[in-house]
Amino acid sequence: MAGGDRIATTIDLQPGAQATIATQAAERFYRALPTDAPAKLRTRITVAEGAACEYLPQESILFDQSALDRQLDIDLADNAWFLGLETLVFGRTAMGETVETIRLRDVIRVRIGGRLVLHDAIRLDGPPVLFSAPVANGARAMTTLMHVSPSAEALLDELRDRLSPFEAGASFTQGILLIRLLATDSVALRHALSTALQCLRAPRALPRVWNC
């Protein structure tokens, strides 16, 4: 995607439905001119009573001087099951790419039974402060992983144990299990993310497109 592009996606799971949604490849957000409007992505996911949804897109790669305005809204019934993530990669280190400046607005909102339980917002305008020592200490890739289910809290200790070798943190509050992952590049991040997903999705394997 480039400056000015727009995509809106709506995913609506009816009562008792089960679905896993994944992307075939990474999203790429290319350089935008300073006068260009940002690329806009709007995704709304609604999961009804007794339904189960996995939202597992592959990473979003941001190129130098890209501009992105992304919003993910998740509305869950009180007894819905949900596992979802968003991943940002700032340039492809294997290709020698660096991100010197960027325009980014990224918002995730989660509601359970109409109650707002998560409002997560990232805003970068100019050189990414993510790379500074106090923020992410040079990390070039990050994932926000969310899980809502009756067993989510019980998985917290096991998840923390499995993620101990990585730059990761996990907490449970207001009915949502929230995991943050940081890594130097997308390959290292994919390793940490796969470890987390194996814990949360056991005994099921990752979607086949993740192995392409």
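The values are calculated or read from the model by the stated rules, or taken from the named source; none is laboratory data. Not measured: the values here are computed from a predicted model. Every residue, glycine as well, gets a Cβ built from its backbone with ideal geometry; the counts of neighbours run over all protein chains shown.
Pairs please, first residue from the range 165-194 and over 19 Å from S132 (Cβ atoms), second anywhere and in a loop (DSSP other than H, G, I, E, B) and of a type outside the set (S, T, Y), Cβ atoms under 6 Å, 6+ apart in sequence or on different chains.
If the second residue must be in a loop (DSSP other than H, G, I, E, B) and of a type outside the set (S, T, Y), the pairs left are L177/A152; S186/E59; A192/F166.
Looking only at strands (runs of 3 or more DSSP E) that lie completely in the range 28-82, which have at least 3 residues being of a type in the set (K, R)? Steps first, please.
On the way: elements: 39-47, 52-56, 60-62, 67-76.
Qualifying strands (runs of 3 or more DSSP E): 39-47.
Among the residues of the range 116-135, are any modelled with pLDDT of 95 or more and surrounded by 19 or more Cβ atoms within 10 Å (Cβ to Cβ)?
Looking for residues that are modelled with pLDDT of 95 or more and surrounded by 19 or more Cβ atoms within 10 Å (Cβ to Cβ), one finds none in the range 116-135, hence no.
I'm told V89 meets every condition in (1) touching a helix residue (DSSP H, G or I) at 6+ places or on another chain (Cβ under 6 Å); (2) among the β-branched types (V, I, T); (3) not in a strand (DSSP E or B) except one. Can you identify the failing condition by its number?
(3)
Name the pairs whose Cβ atoms lie under 6 Å apart, with the first residue in the range 1-20 and on the phi < 0 side of the Ramachandran plot, the second surrounded by 13 or more Cβ atoms within 10 Å (Cβ to Cβ) and hydroxyl-bearing (S, T, Y), and 6 or more positions between them or separate chains?
A2/Y30; T9/T43; D12/T46
Across the range 157-212, which residue is nearest to T143 (Cα to Cα) among those that are at pLDDT 95 or above and among the charged types (D, E, K, R)?
R180
So V209 fits all but one of (1) surrounded by fewer than 16 Cβ atoms within 10 Å (Cβ to Cβ); (2) in contact (Cβ under 8 Å) with a residue 24 or more places away in the chain; (3) within 28 Å of W81 (Cα to Cα); (4) in contact with a Lys or Arg (Cβ under 8 Å, 6 or more places away or on another chain); what number is the exception?
(4)
Answer yes or no: is there a residue in the range 49-66 that is within 16 Å of T10 (Cα to Cα), surrounded by fewer than 20 Cβ atoms within 10 Å (Cβ to Cβ) and more than 21 Å from the chain's Cα centre (by Cα).
Within the range 49-66, none of the residues are within 16 Å of T10 (Cα to Cα), surrounded by fewer than 20 Cβ atoms within 10 Å (Cβ to Cβ) and more than 21 Å from the chain's Cα centre (by Cα).
Scan (1) closer than 28 Å to A188 by Cα; (2) β-branched (V, I, T); (3) modelled with pLDDT of 95 or more for the single condition I11 breaks and write down its number.
Every listed condition holds for I11 apart from (1).
What strands (runs of 3 or more DSSP E) lie completely within the range 104-212 and have 2 or more residues being under 19 Å from T20 (Cβ atoms), touching a helix residue (DSSP H, G or I) at 6+ places or on another chain (Cβ under 8 Å) and of a type in the set (V, I, T)?
On the way: elements: 115-126, 141-148, 167-173, 176-183.
Qualifying strands (runs of 3 or more DSSP E): none found.
Looking at the range 86-101, which of the residues that are among the β-branched types (V, I, T) and modelled with pLDDT under 90 is surrounded by the fewest Cβ atoms within 10 Å (Cβ to Cβ)? Spell out the reasoning first.
So the first thing to find is which residues in the range 86-101 are among the β-branched types (V, I, T), and the list is 87, 89, 93, 98-99, 101.
Checking which are modelled with pLDDT under 90 leaves us with 93, 98-99, 101.
Working: T93: 16, T98: 11, V99: 21, T101: 14.
So, considering only residues that are among the β-branched types (V, I, T) and modelled with pLDDT under 90, the one surrounded by the fewest Cβ atoms within 10 Å (Cβ to Cβ) is T98.
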